[in-house]
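The values are calculated or read from the model by the stated rules, or taken from the named source; none is laboratory data. Bear in mind that the values here come from a model prediction, so they are computed numbers and not experimental data. Glycine gets a Cβ as well: all are built from the backbone with ideal geometry, and neighbour counts include every protein chain shown. Just the protein is used for accessible areas: all its heavy atoms, side chains included, with ligands, DNA and RNA removed. Shrake-Rupley method; radii C 1.70, N 1.55, O 1.52, S 1.80 Å.
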Amino acid sequence: MTNVAILGFGVVGGGVAKLLTDNKNEVTALGGDEINVKYILDLRDFPDSEFADRVIHDFSVIENDEEVDTVIEVMGGSHPAYEYTVRSLSRGKNVITSNKEVVANFGDEFLALAKENGVSYRFEAAVGGGIPALSPIISCVKQNKLSEIRGILNGTTNYILTKMFSYGDNFENALSDAQSKGYAERNPDADVLGTDACRKIAILTALATGKLPETDTIPTEGITGIRPEDVSAAEKIGCKIKLLGRCVISEDGEIAVSVAPTLIPSDKLLASVSGVFNAIEVVGDPIGEVMFYGPGAGAGSTASAVVGDLMQIMCSGINTAAPVFEKCRQTSDFSKVLKAQYYIAAKNACAKCAEAAFGKIAEIDAPLETAFVTPYLTDAELSESVKKLTESGASIISKIRIL
Ligand code: HSE
């Protein structure tokens, strides 16, 4: 019998308990042992739940119970998740989490502590919900020279953008719909302002490069500034707008990391990722482009990734292929690693002055503003051109990079 404790009985914790119960035969066969949810830690009581008798409020009961060998931390937030993780690992218990905030902030420390104590720290569910991407990236992809890892990493914003594109829905309706389906964070600002995607691209960067960038160093822009006019301009040039997390790696190992709305040409696979689905794309030599795709949020899919980690631990004991992360404060700006085209919309501008500032542009028909696609520019060249255009009396309304 393998005893586990679940910390947090919210959407994901409930999903994990349900999966372990509903799919008991499958998990027992795969894990090679019966799994017992011995404790569920939460501040609340759940008198009507079938798990009511496992609910406790004192973490030290779990910490001191030597029969508990794996702690599933699905509470969210940095504290007390941080303290409970440290205490669990230090007591020789494996820890599995879906909590991207705590992995992005302290993943380096937890992995080192797990190694020191001969146990596993696993976080497949922290990025991409139910998509099994992190384990294959660690064990099957890193022999390549990686030049980029990028993804649509937030289900809520992708759901909102899809509704805005496909149904002309407004932002508020689409957001409350996503919340009612259990996709959004407790504070949806973390979704719509890009914070959640920022944490996830930090984790992917660490998997690809070993460097875990501090999230406050990652330029992050959410989707709250996307206007119906931008949606319409994107459609006119055959693109979708997606919130994209990117880590671009130069040949000499410099990395540039960002989260920003991005125009993606419709013929690229990423453009077809709709609704709550996420996708993670790895670009490397000689592998080329590999995409992992699947449901990025929701109780069942996230629980699947959490239980997948448990299966890995039960099947292979200590995770010998565990990555090593080193915190990093400094990443490059994109100028050093990337040239890109941009969609720009401006007021009080004309095609001629846009061309004087940017060089050859492709104008987009927009009734109330001047909209165009720039030539390929570095970040520094973009800033210079924007400055020239604004000096001519124009004001920039939208500026979105094209993939
Ligand atoms: N709020 C997150 C999302 C949940 O919408 O993707 C999964 O991490």
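Within the bounds of region 135-157, is there any residue that is over 20 Å from residue 293 (Cβ atoms), free of Cβ contacts under 8 Å to residues at least 60 places away in the same chain and surrounded by fewer than 24 Cβ atoms within 10 Å (Cβ to Cβ)?
Yes, region 135-157 has at least one match.
Looking at 178, 114, which one is assigned by TED's automatic domain parsing to the domain that holds residue 93, outside any loop (DSSP other than H, G, I, E, B) and open to solvent by less than 20 Å² (accessible area, probe 1.4 Å)?
Working: 178 fails: assigned by TED's automatic domain parsing to the domain that holds residue 93.
On inspection, the qualifying residue turns out to be 114.
Hey, can you tell me all the residues within region 356-376 that are open to solvent by less than 30 Å² (accessible area, probe 1.4 Å) and within 23 Å of residue 231 (Cβ to Cβ)?
Hits for region 356-376 are 358, 361, 364, 366, 369, 370, 371, 372, 373, 374.
State all residues of region 203-242 that are farther than 14 Å from residue 331 by Cα, modelled with pLDDT of 95 or more and assigned to a loop (DSSP other than H, G, I, E, B); if no residue qualifies, say none.
Those that are farther than 14 Å from residue 331 by Cα, modelled with pLDDT of 95 or more and assigned to a loop (DSSP other than H, G, I, E, B): 221, 222, 223, 237, 238.
Filter region 158-177 down to the residues that are farther than 30 Å from residue 289 by Cα and either under 14 Å from the mean Cα position of the chain (by Cα) or in contact (Cβ under 8 Å) with a residue 12 or more places away in the chain (or both), then identify the one that is nearest to the ligand (Cβ to nearest atom). Spell out how you get there, then give the answer.
If we filter region 158-177 for residues that are farther than 30 Å from residue 289 by Cα, which is where we start, we get 167-177.
Still in the list and also either under 14 Å from the mean Cα position of the chain (by Cα) or in contact (Cβ under 8 Å) with a residue 12 or more places away in the chain (or both): 168, 171, 174-175, 177.
On the way: 168: 22, 171: 15, 174: 12, 175: 11, 177: 12 Å.
In this case the residue turns out to be 175.
If I ask for residues that are of a type in the set (S, T, N, Q) and within 16 Å of the ligand (Cβ to nearest atom), which ones from region 276-335 would you list?
Looking only at region 276-335, we keep the residues that are of a type in the set (S, T, N, Q), and these are 278, 301-302, 304, 312, 316, 319-320, 330-332, 335.
Correct list: 278, 301, 302, 304.
Residues 284, 238, 194: which one is on the phi > 0 side of the Ramachandran plot and surrounded by fewer than 23 Cβ atoms within 10 Å (Cβ to Cβ)?
Numbers: 284 fails: on the phi > 0 side of the Ramachandran plot; 194 fails: surrounded by fewer than 23 Cβ atoms within 10 Å (Cβ to Cβ).
Just a single option satisfies the conditions, and that option is 238.
Only one residue in 149, 131 is under 22 Å from residue 76 (Cβ atoms), outside any helix (DSSP H, G or I) and either under 19 Å from the mean Cα position of the chain (by Cα) or within 12 Å of the ligand (Cβ to nearest atom) (or both). Which one? Step through it out loud before you land on a result.
Details: 149 fails: under 22 Å from residue 76 (Cβ atoms).
Of the residues listed, the single one that is under 22 Å from residue 76 (Cβ atoms), outside any helix (DSSP H, G or I) and either under 19 Å from the mean Cα position of the chain (by Cα) or within 12 Å of the ligand (Cβ to nearest atom) (or both) is 131.
Looking for whichever is more than 16 Å from the ligand (Cβ to nearest atom), outside the structural domain of residue 15 (by TED's automatic domain parsing) and within 27 Å of residue 343 (Cα to Cα) here; the options are 273, 259, 248. Which one fits? So that I can check it myself, show each step before the final result.
Numbers: 273 fails: more than 16 Å from the ligand (Cβ to nearest atom); 259 fails: more than 16 Å from the ligand (Cβ to nearest atom).
The conditions single out 248.
Is it fair to say residue 100 is under 20 Å from the mean Cα position of the chain (by Cα) and in contact (Cβ under 8 Å) with a residue 60 or more places away in the chain? First the steps, then the outcome.
Working: under 20 Å from the mean Cα position of the chain (by Cα): yes; in contact (Cβ under 8 Å) with a residue 60 or more places away in the chain: yes.
Yes, satisfied.
Wholly within region 1-87, which helices (runs of 4 or more DSSP H) include no fewer than the required count, namely at least 2 residues that are within 23 Å of residue 301 (Cα to Cα) and touching a residue at least 12 places away in the same chain (Cβ under 8 Å)? I'd like the intermediate steps shown before the answer.
Working: elements: 11-22, 24-31, 59-63.
Because the criterion is at least 2 residues that are within 23 Å of residue 301 (Cα to Cα) and touching a residue at least 12 places away in the same chain (Cβ under 8 Å), the helices (runs of 4 or more DSSP H) in region 1-87 that meet it are 11-22, 24-31.
Could you tell me whether region 281-297 includes any residue that is in a loop (DSSP other than H, G, I, E, B), within 22 Å of residue 148 (Cα to Cα) and hydroxyl-bearing (Ser, Thr, Tyr)? Break it down stepwise before answering.
Keep residues of region 281-297 that are in a loop (DSSP other than H, G, I, E, B), which gives 286-287, 296-297.
Adding the requirement that they be within 22 Å of residue 148 (Cα to Cα) leaves 286-287, 296.
If we keep only those that are hydroxyl-bearing (Ser, Thr, Tyr) too, we end up with none.
No: zero hits.
Going through region 179-206 one residue at a time, which ones are in contact (Cβ under 8 Å) with a residue 24 or more places away in the chain, within 16 Å of the ligand (Cβ to nearest atom) and aliphatic (A, V, I, L, M)?
Selection gives 184, 192, 193, 197, 201, 202, 203, 204.
Can you tell me which of 353, 315 is open to solvent by 50 Å² or more (accessible area, probe 1.4 Å) and not in a strand (DSSP E or B)? Before the answer, list the steps.
Numbers: 353 fails: open to solvent by 50 Å² or more (accessible area, probe 1.4 Å).
The conditions single out 315.
Working carefully through the options 335, 385, 398, find the one that is under 27 Å from the mean Cα position of the chain (by Cα) and in a helix (DSSP H, G or I).
Of the residues listed, the single one that is under 27 Å from the mean Cα position of the chain (by Cα) and in a helix (DSSP H, G or I) is 335.
Take region 66-82 and flag every residue that is among the charged types (D, E, K, R) and either more than 18 Å from residue 114 (Cα to Cα) or open to solvent by 50 Å² or more (accessible area, probe 1.4 Å) (or both). Explain how you work it out, then say what you get.
Within region 66-82, the first condition is being among the charged types (D, E, K, R), and the residues that meet it are 66-67, 69, 73.
Across region 66-82, the qualifying residues are 66, 67, 69.
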